[in-house]
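Novice: Pasting a structure below so you can have a look.
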Amino acid sequence: MKKSIMALSAALLLGGIASAQKVDFVEYNLDNGLHVILHNDPSAPVVVTSVMYHVGAKDENPERTGFAHFFEHLLFEGTENIKRGEWFKIVTSNGGMNNANTSDDRTYYYEVFPSNNLELGLWMESERMMHPVINQIGVDTQNEVVKEEKRTSFDNRPYGNILTAVKENMFKVHPYRWNTIGSMKHLDAATLEEFQAFNKKFYTPNNAVLVVAGQIDFAQTKEWIQKYFGPIKKGEVFKKQTFAEEPITQTIKATYQDSNIQIPMLVTSYRTPSMKTRDARVLDLISSYLSDGKSSKLYKKIVDQKKMALQIGAVGFSQEDYGMYIIYGLPMGTFTLADLQKEIDEEIVKIQTNLISEKDYQKLQNTFDNQFVNANTNVEGIAENLAKYHMLYGDINLINSEIDLYHSITREEIREVAKKYLNPNQRLILDYVPSTEQAQN
């Protein structure tokens, strides 16, 4: 699930030198609408079977938030042919591992097996899709699991509800306004029939992509896919509802009290365009420029030189409809949140006014080359990226070509995009402060 902003920002700190390898793939559709992507990698005798469903927190009823994440857990409960509690035993006893994750936009399940267990992996994912058992004992069990996850990952963790506070202030009509884990009150109030209806609507072949990646034989793999997934009936065809937010034209000021912290945090957030846009990729470069490592502009100035903050960072949350660009800082000593904001704003104005140096520009290119290569260094990463680029971007070949988009971004574009999106009247300023009272769930 979601990590704290400080942990998420660490995802930008990638190292090492490598060269990109073209990812070859084959794709086709089954008659029931399931999109299939195959990638052969003979370098190791392992295989990934994965299914990504185009359902996330943004597809939920506002009175029943948390369903998509709940299903991340619930669909491991068992099927008509896999008894309750047996899923993980089957995987591990056959030398495999498996997991799942949920975002606001999609849900992803996968297994990693020795390649001679490919048929088993395909059968298990087809079982999950064809006839999962959704009953009251499973719902009740996973309800307690999710409640404990919310307590440990959000409510009782220092700074654990930053995203919750940011999202509810940044979005007024879009479902991005609630956190992926949702409301425990909503889950408690939901009936078994509501869970069954959610499954029937969204976890269908025509709302999914199946990726098989690893040491595979194409002909045999296609035969097994047809055998196990072909008989699954096509689901309801529906058009996803769209939501448009009005532009932010005045600074939004908010405060969130967290009883788990002693040091206040400054959180500044800008709403950004869909991750599919060129501007979103330019903002990725800006985020890296400001806070990628100890040589970044914000860290070097505010933490290293002026010693005004314990930590400073910027992270972009790229999503299908809108994104968020979040800058945060923990003041040190007598320095205040306002002091940090002033220093951050000065660096943003510099980006908006002047071209970044050629040296800094080349550093960004090197950083993103490294990230691009690292994203496809193992078969698990390739499988998820193939699914992501197909489902969320509508262009699967971005797995090979997205780095070219980053290379084509100019220093002038960096300046113009900063001027377009990173203005004081377009943002949320959130004072995330200590409290002696228990924060609201």
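Novice: Those residues that are part of a loop (DSSP other than H, G, I, E, B) and buried (at least 17 other Cβ atoms within 10 Å of the Cβ), I need them from the range 280-305; list them, please. Can you show your working first?
Specialist: Pass one, the range 280-305, residues part of a loop (DSSP other than H, G, I, E, B): 292-296.
Scanning the range 280-305 gives Asp292, Ser296.
Novice: In this structure, does Gly316 turn out to be open to solvent by 10 Å² or more (accessible area, probe 1.4 Å) and over 29 Å from Arg177 (Cα atoms)?
Specialist: Values: open to solvent by 10 Å² or more (accessible area, probe 1.4 Å): yes; over 29 Å from Arg177 (Cα atoms): no.
Criteria not met by Gly316.
Novice: Being open to solvent by less than 10 Å² (accessible area, probe 1.4 Å) and among the hydrophobic types (A, V, I, L, M, F, W, C) is the filter here; which residues of the range 105-117 pass it? Break it down into steps so the answer makes sense when it comes.
Specialist: Taking the range 105-117 and keeping what is open to solvent by less than 10 Å² (accessible area, probe 1.4 Å), we get 105, 107-109, 111, 113.
Within the range 105-117, just Phe113 meets the criteria.
Novice: Just to be sure I understand the filter: pairs with C-beta atoms under 8 Å, separated by 6 or more residues or on different chains, first member in the range 204-219 and on the phi < 0 side of the Ramachandran plot, second member of a type in the set (Gly, Ala, Ser) and part of a strand (DSSP E or B). Which pairs pass?
Specialist: Between residues of the range 204-219 that are on the phi < 0 side of the Ramachandran plot and residues that are of a type in the set (Gly, Ala, Ser) and part of a strand (DSSP E or B), the close pairs are Leu210/Ser50; Val211/Ser50; Val212/Ser50; Ala213/Ser50.
Novice: Quick one: which strands (runs of 3 or more DSSP E) sit completely within the range 196-279 and have at least 2 residues that are touching a strand residue (DSSP E or B) at 6+ places or on another chain (Cβ under 6 Å) and over 27 Å from Val26 (Cα atoms)? Walk me through how you get there before you give the answer.
Specialist: Values: elements: 208-214, 252-258, 265-273.
Where strands (runs of 3 or more DSSP E) fall fully within the range 196-279 and carry at least 2 residues being touching a strand residue (DSSP E or B) at 6+ places or on another chain (Cβ under 6 Å) and over 27 Å from Val26 (Cα atoms), they are 252-258, 265-273.
Novice: Based on this model, can you work out whether Asp360 counts as of a type in the set (D, E, K, R), under 21 Å from Leu405 (Cβ atoms) and surrounded by fewer than 20 Cβ atoms within 10 Å (Cβ to Cβ)? Walk me through it before giving the result.
Specialist: Working: of a type in the set (D, E, K, R): yes; under 21 Å from Leu405 (Cβ atoms): yes; surrounded by fewer than 20 Cβ atoms within 10 Å (Cβ to Cβ): yes.
It is true that Asp360 is of a type in the set (D, E, K, R), under 21 Å from Leu405 (Cβ atoms) and surrounded by fewer than 20 Cβ atoms within 10 Å (Cβ to Cβ).
Novice: Does Asp369 count as under 24 Å from Gln305 (Cα atoms), in a helix (DSSP H, G or I) and open to solvent by 20 Å² or more (accessible area, probe 1.4 Å)? Don't jump to the end; show me each part of the working.
Specialist: Numbers: under 24 Å from Gln305 (Cα atoms): no; in a helix (DSSP H, G or I): yes; open to solvent by 20 Å² or more (accessible area, probe 1.4 Å): yes.
Judged against the criteria, Asp369 is not a match.
Novice: Only one of (1) open to solvent by 30 Å² or more (accessible area, probe 1.4 Å); (2) modelled with pLDDT of 95 or more fails for Asn374. Which number is that?
Specialist: Of everything listed in (1) open to solvent by 30 Å² or more (accessible area, probe 1.4 Å); (2) modelled with pLDDT of 95 or more, Asn374 misses just condition (2).
Novice: For the range 320-333, enumerate the residues that are closer than 22 Å to Val303 by Cβ, modelled with pLDDT of 95 or more and open to solvent by 40 Å² or more (accessible area, probe 1.4 Å).
Specialist: Met332
Novice: A further question follows. If you go through the range 334-352 one residue at a time, how many are open to solvent by less than 20 Å² (accessible area, probe 1.4 Å) and hydrophobic (A, V, I, L, M, F, W, C)?
Specialist: Within the range 334-352, residues that are open to solvent by less than 20 Å² (accessible area, probe 1.4 Å) and hydrophobic (A, V, I, L, M, F, W, C) number 4.
The values are calculated or read from the model by the stated rules, or taken from the named source; none is laboratory data. Keep in mind that this is a model prediction, so the values were computed, not measured. Reconstructed Cβ throughout: ideal geometry from the backbone, glycine too, with neighbour counts over all protein chains shown. To get the accessible areas, we keep the full protein, side chains included, count just its heavy atoms, and leave off ligands, DNA and RNA. Shrake-Rupley method; radii C 1.70, N 1.55, O 1.52, S 1.80 Å.
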